[in-house]
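The structure under discussion appears below in the form of C-alpha cells.
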Amino acid sequence: MNSPIVRVALTGGIATGKSHCLAKFATLGVPTIDADRLAHDAVEPGSHGLAAVLRRFGSNLVLPNGQLDRAALGRLVFADASARLDLEAIIHPIVYASIARWFSTLGANEAFGVADIPLLFETEREGDFDCVIVTACRPEQQLERLQARGLTDLEARQRLDAQMPLAEKLGRATHVIDTSGTLAETDRQVEELVQKMRRT
C-alpha cells in the first residue's frame, strides 16, 4: 500500500467490541473501513466472489432473492475447518485489495485511518499495516455477547475456536483496548488513543 497515511488495523477476538470501537473512531473524525462489510460486498449478487463461493459450496446456497444464504454457509464453514479455509481463500484477497484501494484514496491531511479486520493475524497480513490495535474482554463475556446475538452455546464456541487465541493476539498488539468494562470506559480509551496517535 503506497500511502502517506498511517495504516492502522483494528482486530481482536469475536465479540470483543471491535464494531463499537470502530464506530467511536468514526465519531472522532477518523477515517474507518470495515472488512466484514467488504466481505459482504464481495458476495453480492452478480459478483465474482459469489460465483466462486457457489462453485465451491453449491448453488443451493442462494436465496430466492439471489442473495447468498449466509446463515447456511456459516453453519457449514464453522463446522468444517477445511471448508472455512476454502471460503477465506476466496474472500480475503478481494477484501484486502479493497482495503488497499481505500487507504490510497485518503488525503495527506489525515493522520491515520483504521481498518477493522477480524482475522488480521489469522491471514498473516499484519505486515500490511503500521500498527495494530487489539480489542479484548474476558472469555466469558465473549460467550455471553455471542449468545446475545442468537447463537447457541455450541455455535458460539465454534466461532471462538475458529480464531487465534485472544492471548496470542494481545501479545502481537501495538495498542490494546480493554472492552470488559462499561461503554464509557471503552470510549475513553479510544479517545485517548486517538489523541496520542494524532500527536505522533
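The figures follow:
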item	result
Qualifying residues in segment 162-194 (those that are of a type in the set (Gly, Ala, Ser) and over 16 Å from the mean Cα position of the chain (by Cα)) - the one surrounded by the most Cβ atoms within 10 Å (Cβ to Cβ)	SER180
Test: residue in segment 111-132 that is in contact (Cβ under 8 Å) with a residue 12 or more places away in the chain, in a helix (DSSP H, G or I) and surrounded by fewer than 17 Cβ atoms within 10 Å (Cβ to Cβ)	no
Qualifying position, being part of a loop (DSSP other than H, G, I, E, B), closer than 26 Å to LYS24 by Cβ, more than 14 Å from the chain's Cα centre (by Cα) and in contact (Cβ under 8 Å) with a residue 60 or more places away in the chain, among ALA108, ALA100	ALA108
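Computed from the coordinates by the stated procedures, all read-outs in this text should not be read as laboratory data. All of these numbers come straight from a predicted model, not from anything done at the bench. Using ideal geometry, Cβ is built from the backbone for each residue, glycine included, and neighbour counts are taken over all protein chains shown.
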